[in-house]
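First up is the structure itself, then whatever we jot down about it.
Bear in mind these aren't lab numbers, they're just calculated from the coordinates by the rules spelled out. If you're wondering where the values come from, they're calculated on a predicted model, not measured in any experiment. Note that we place each Cβ from the backbone using ideal geometry, even for glycine, and neighbour counts take in every protein chain shown.
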Amino acid sequence: FIDLDHAATTPLDPAVRAAMLEWLDDTGYGNPASDHALGRRARAAVEAARAEVAALIGASSEEIIWTSGATEANNLAIKGALEFRGAERAHLITSRIEHKSVVDTCRYLETRGVRVSWLDPDPGGRIDTARVIAALRPETVLVSLMWVNNETGTINPVAELAPLLRERGVLLHVDAVQAAGKLAIDLAALPIDLLSLSAHKFYGPKGIGALFVRKRPRARLAPQLHGGGHEQGMRSGTLATHQIVGMGVAARLAAARRAGDAERLAALCARLERQLTSLPGVLRNGDAAHAAPHILNLSFAGIDGESLRARLPMLAVSSGSACSSATREPSYVLRALGRDDRLAGASLRFSPGRATRETDIDAAAQQVRAAVGLLRELAPGDA
Ligand code: PLP
């Protein structure tokens, strides 16, 4: 079995697992909010992990708010910012190709009276900075834009956009789930106000993530989970020490390995692309000049996507995003890039990981080439 679906999730790094286990046994179960030895011990571990996550993105510890993942971080950032400013008559800008956890949060806010501008990407899947600036209104509270698209791997020009929004007093939220551990992120230098992370995309555990909330100037949010006032009142709930420790170790490893990982992954994607695009009728989805190192998305003209996937039982790849593939509709992201339903449906997203070898890439390419060849033979001229 060959796993080329690391953009959906990654295996737990053995060092992460080992660090987590200590906090699941009879000395590690203390409540980090408790004011006694057991609690203080857990709290120290939580704070050490917070520093590691902050270091991965050039933030300071007090700017990291633990969440259950990036879905929650995105919800907290967007709903929290709009609610704090007073959602009525407010305006927000996002794009049509965000992750569902942003798209559906913005749709929900529309039902509460918020005006939303939905920006279209260019054919390569980038959101042009000038378009964002042109969509600003006096009542714009927030722009929410992903750093790297999870389906195409296309990198958005957030570094160019951030200072322009800061000058204009508009908050910028960035979903950086697919950027963390792949691209350099330095929030000390880049005026992004809110940024979402998820541990399981960089060899940490599922069910833990973080929202960066800038302190200076302070990004203010209305909490979405009320209770004991944890996490500076922004996210109540007893902290899951083992999950947090796992995210901390994963962040430390991601920072240490980023440059090397990125180089290897880019070489693996390039190798796969060479072997597959030598077939006729293979189109790259996404902007090759602005591509994250770990995602390659291709459409195969003239074949049915479902038949293609059915012929690749030994390959873990994704078609559309994992979360929405249950709907069996062609990817809304590829549709927004201008692909027709058929090409959008006949697409595969390949995302190698740390354990992927060149031989895996070659074997995967061979399987895909064979499947495409067979399907075209069965239905010639079906393009
Ligand atoms: N944003 C992006 C870009 C993603 O790829 C994902 C992953 O599914 C998420 C958000 C959601 O993250 P989580 O699984 O932590 O809720």
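Quick check on the chain: what does the Kirkwood estimate of hydrodynamic radius come out to from the alpha carbon pairs, in Å? Provide the component values of the computation, followed by the final result.
Values: mean 1/r = 0.0464 Å⁻¹.
About 21.6 Å, per the Kirkwood formula over Cα pairs.
Can you sort ASP35, ASP261, ASP362 by how many other beta carbons sit within 10 Å, fewest first? Working shown, then result.
Values: ASP35 8, ASP261 20, ASP362 13.
Going from least to most buried by this count: ASP35, ASP362, ASP261.
Arrange the peptides 292-300, 244-252 so that the one whose residues have, on average, the most other Cβ atoms within 10 Å appears first.
Details: 292-300: 25.4, 244-252: 27.7.
Descending packing order for the listed peptides: 244-252, 292-300.
Just to verify a number: FRET efficiency for ARG17 and ILE133, C-beta to C-beta distance, R0 = 35 Å, to 0.05?
0.20
Using the crude model of +1 on Lys and Arg Cβ and -1 on Asp and Glu Cβ, and no other charge, please compute the dipole size for the chain relative to its Cα centre, in debye to 20.
500 debye
Taking the beta-carbon count within 10 Å as an exposure proxy, list HIS226, HIS200, HIS290 from fewest neighbours to most.
Final ranking by Cβ density, sparse to dense: HIS226, HIS290, HIS200.
What is the sum of charges, Lys and Arg at +1 and Asp and Glu at -1, for the other residues whose Cβ falls under 12 Å from the Cβ of ARG126? Could the numbers behind the result be given before it?
On the way: positive: ARG131; negative: ASP120, ASP122, ASP128, GLU160, ASP287.
Every neighbour counted, the sum reads -4.
Would you please state the base-10 log of I(q)/I(0) at q = 0.12, 0.16 1/Å for the stretch 229-383, with intensities from the Debye formula using one equal scatterer on every alpha carbon?
Normalising to I(0) and taking log10 leaves -0.62, -0.94.
As a check on your grasp of the helix formula, calculate [θ] at 222 nm for the chain: sum -39500 (n - 2.57) over DSSP H runs of n ≥ 4, divide by the residue count, round to the nearest 500.
-12500 deg cm²/dmol
Could you pull out every one of the aspartates and glutamates with an alpha carbon less than 16 Å from that of LYS206, ignoring same-chain neighbours closer than 8 positions?
In chain and number order, the partners are ASP5, ASP13, GLU72.
Can you tell me how much longer the chain between SER61 and ALA37 gets when fully stretched, taken as 0.36 nm per residue apart minus their C-alpha distance, in nm with one decimal?
6.4 nm
Which of the peptides 141-152, 167-178 is most tightly packed, and how do the rest follow, going by the mean number of other Cβ atoms within 10 Å of each residue?
Values: 141-152: 25.9, 167-178: 22.2.
So the order, starting with the most tightly packed, is 141-152, 167-178.
Mind checking which lysines have their C-alpha under 17 Å from LYS100, skipping anything on the same chain fewer than 8 residues away?
The reachable lysines, counting only those whose Cα sits under 17 Å from LYS100, are LYS79, LYS201.
Could you state the number of Å between the C-alpha centres of the stretch 207-270 and the stretch 357-374?
35 Å
Of the peptides 191-197, 216-222, how do they stack up when ordered by the mean number of other Cβ atoms within 10 Å, highest first?
Ranking, from highest mean packing down: 191-197, 216-222.
Take ASP26, ASP122 and order them by how many other Cβ atoms sit within 10 Å, fewest up front.
Ranking ASP26, ASP122 by Cβ neighbours within 10 Å, fewest first, gives ASP26, ASP122.
Give the angle, between 0 and 90 degrees and rounded to the nearest 10, that separates the Cα long axis of helix 358-378 from the longest principal axis of the Cα atoms of the chain.
Roughly 50 degrees, rounded to the nearest 10.
Work out the FRET efficiency for HIS290 and ARG257 from their Cβ-Cβ distance, taking R0 = 22 Å, and round it to the nearest 0.05.
The formula returns an efficiency of 0.45 here.
What's the extension gain from ASP120 to SER236 if we count 0.36 nm per residue and subtract their Cα-Cα distance?
Here the segment from ASP120 to SER236 would lengthen by 38.2 nm.
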